[in-house]
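Below is one structure, written out as structure tokens; the observations come after it.
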Amino acid sequence: MLTYDFGCSDCQHVFEIIRSIRDDAAVLCPQCGSGKTNRLFLRAPAIITRHSGRADSPLQSLPNAEKMTRAADQTVSKVMKDMGMS
Ligand SMILES: [Zn+2]
């Protein structure tokens with residue numbers, strides 16, 4: 001079982017669920033009940049999505065942006081490995 005971040009297209013709520021990598025059943029938003037949810041591979045893009053009205057990347061203004069980027073890279077590597085794509 002893996003932990004996934006999901007984002008809701010209707011209310012922009014971002015939430016985490018734990019499920020099997022083969023489980024592709026619809027995920028409902030826990031906040032508004034919408035089925036229009038998208039899996040987010042990283043927490044960083046979720047932050048960008050929530051601030052999509054801004055032209056500049058909010059990541060650059062965060063004090064720990066570099067650390068977050070590195071953690072995100074490690075997450076990608078782990079996911080790719082889990083999926084047998086490395
Ligand atoms: Zn929602």
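In region 17-41, the qualifying residues are those that are within 14 Å of the ligand (Cβ to nearest atom) and surrounded by fewer than 11 Cβ atoms within 10 Å (Cβ to Cβ), and the one that is modelled with the highest pLDDT is 33. Every residue in region 3-15 that is loosely packed, with under 15 Cβ neighbours inside 10 Å and within 14 Å of the ligand (Cβ to nearest atom), please. The answer is 9, 10, 11, 12.
The values are calculated or read from the model by the stated rules, or taken from the named source; none is laboratory data. Note that the structure is predicted; figures quoted are calculated from it, not measured. Quick reminder, even Gly has a Cβ in these numbers, built from the backbone with ideal geometry, and neighbours come from all protein chains shown.
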